[in-house]
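The structure under discussion appears below in the form of structure tokens.
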Amino acid sequence: MVTINDIAKEAGVAKSTVSRYLNNGSVSPKTKKKIDEIVKKRGYKPNTFARSLKAQKTNMIGVIIPRLNSSSTNQVLVGIDEMSRQLGYKLIITNSDQNNEREYENIQTLIKQKVEGVIMFAREIMPENVDLVKNTQTPFLFIGQKVDGINSIIHQDYQAGAKIGKFALELGHRHFLYIGVPETDKAVGIERKQGFLDAVQAKRGAQVETIESDFSRTAAYQKALSFLKDLKATYIVCATDNIAIAVLKAANELGYTVPDDFSLSGFGGYEATAYTSPTITTISYPYRKMGIEAVDKLAKLINQEEIPEVIEMSNELIVNQSTKRIKKEGINKV
């Protein structure tokens, strides 16, 4: 099925330009002629139902979140709510509960609810969900993952991983354990980990072991009770702050002292890391700012303004009490 994204690519113009053309908006004669030819050649037929929904202004924005118990999601939602109120939009928030079928249903539901645009927290990129997004004229903005042809706002996860790796090397550490998450989440499961691995493996003599957990504190805690008993690494890097908090709890119960026995860090900059003992070194992400930026950019898409397809958000290393410099490898086990 030919989509407006296909037409835009072949014509060498933005998707919003094709949308204006289809809605009899302002398009230069030269561009109009080019799109005319491609539409006829490809046999493109506009989705009249979607166009009829688009014609009705509702001042509603849809938001699709992957789960309810996520600190980062909640912080982004704060920014989304703040900016939506400023711009006069109402929010419809749906939860997919990390289920791809529910996510597909949520996309359909929001389109039928006549929302003017959708912000989707992209977790696992499913082809059928992407096709559904690309085949509607409702503007979509992905958060957290990038997909060719869909506007998105992402974190600099590779750079964040490299930042932690370089920091750990500067502290003298050479033996690492990285606790990751499934690679179905490309940003956290692949890019964040790869940035760390590339940084530390560039150092001669560095050793890295990897373990996979998931986003659950409970699962990470149970795994930590097992692998900590035979720990050789002097520095543990966790793919999220939740995992780091779980590892710290297990370490305390097993009689380890952080950072004397091993250093520990996470990613996220969650508020909870400042209330653990010791406080946890982390990479802080601008979640609230991302939410504000998402609504601002979606509003521009709704108004058929062109924006960069991918926008990256920077991050910051926050050094806390859970990491320290070592003089030589090895830990003092209790």
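Taking (1) assigned to a loop (DSSP other than H, G, I, E, B); (2) of a type outside the set (Lys, Arg); (3) touching a helix residue (DSSP H, G or I) at 6+ places or on another chain (Cβ under 8 Å) in turn, GLY255 satisfies each apart from (3). Of all residues in the range 283-297, one or more are under 20 Å from ALA160 (Cα atoms), of a type in the set (Lys, Arg) and outside any loop (DSSP other than H, G, I, E, B). Only helices (runs of 4 or more DSSP H) whose full extent lies in the range 60-138 are considered here, and the ones with at least 2 residues that are surrounded by fewer than 21 Cβ atoms within 10 Å (Cβ to Cβ) and among the small types (Gly, Ala, Ser) are 71-87. Checking each residue in the range 154-168 for being buried (at least 23 other Cβ atoms within 10 Å of the Cβ) and either assigned to a strand (DSSP E or B) or of a type in the set (Phe, Trp, Tyr) (or both) picks out only HIS155. One residue stands out in the range 215-270 among those that are of a type outside the set (Gly, Ala, Ser) and touching a His at 6+ places or on another chain (Cβ under 7 Å): the one that is surrounded by the most Cβ atoms within 10 Å (Cβ to Cβ), namely TYR235. Of all the residues in the range 174-190, those that are in a loop (DSSP other than H, G, I, E, B) and either crowded, with 19+ Cβ neighbours inside 10 Å or in contact with a strand residue (DSSP E or B) (Cβ under 6 Å, 6 or more places away or on another chain) (or both) number 3.
No lab work stands behind these numbers, since they all come straight from the coordinates. The structure presented is a predicted model; accordingly, all values stated were derived computationally and were not measured. Quick reminder, even Gly has a Cβ in these numbers, built from the backbone with ideal geometry, and neighbours come from all protein chains shown.
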